[in-house]
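Values quoted throughout were computed directly from the atomic coordinates according to the rules given, and no laboratory measurement underlies them. Quantities reported herein were computed from a predicted structural model and do not represent experimental measurements. Here the Cβ positions follow ideal geometry from the backbone for every residue, glycine too, while neighbour counts run over all protein chains shown.
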Amino acid sequence: MVDMHQFWKYFHLVPAQAMRIAYDGLNRQGSFEAVLREADSAEALLKRSRQSEAAPLLDITLLNQPKVFTLALVWESAKVAEEAITTTVDALQDRVDLSNLFRGVSPQSNACYVLKSIICYFGHHYQAYAFSEELEQWLLFDDTNIQLVGDWQDVKHMVRSSRLQPSVLFYERSPA
């Protein structure tokens, strides 16, 4: 018997550790969508193994495409090892196709999303990176300072070298 529950989900929650395991399991070669699907499966299997009864694996179907897809990474601690940050950041991509991530999304439905902003933290300090349409480059917002960063690879380099932990990523639906 399959139980189907409909509910609103305002962000897609992924444990950073599960994402790293999935990324390594795909030999760091898989698409971003494949990494996220594997991370979802790994987390579901872990939860299932903790329960006394066999619980069904989750099968996520997207009923409506949002204007903004929000990915929230859950870290195992506020200060993780440098290798954990590096692997997690390496797995992140600036584009995601929801038709390759969720059921119920047709590839013809323009399910491509582009990263527009990312919030990171180190300890109790937060920084935000945002893509400027006007400048066609990424900007860093750090307290009262705004700094030009460059392209997505420059953002990833800065996040890794600053030992920042990406927490919330905002992807905007691409125009048709």
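Calculate, in nm to one decimal, what I146 and V114 gain on full extension: separation in residues at 0.36 nm each, minus their alpha carbon distance.
9.3 nm is the gain from fully extending I146 to V114.
Report, in debye and to the nearest 20, how large the dipole of region 61-176 comes out about its Cα centre when Lys and Arg carry +1 and Asp and Glu carry -1 on their Cβ.
It comes to approximately 420 debye.
Positive end of the charge dipole of region 57-176 (Lys, Arg +1 and Asp, Glu -1 on Cβ, about the Cα centre): tell me which of N100, P175, F131 has its Cα farthest that way.
Checking the options against the dipole of region 57-176, the answer is N100.
Dipole of region 70-176 (Lys/Arg Cβ +1, Asp/Glu Cβ -1, origin at the Cα centre): which of V74, T88, V159 lies farthest to the positive side?
Of V74, T88, V159, it is V74.
Using per-residue counts of other Cβ atoms within 10 Å, averaged over each peptide, order 144-151, 13-20, 67-74 from highest down.
Packing proxy ranking, top to bottom: 13-20, 67-74, 144-151.
What distance in nm separates the two pseudo spin-label positions at L26 and S132, each 7 Å out from Cα along the beta-carbon direction?
3.2
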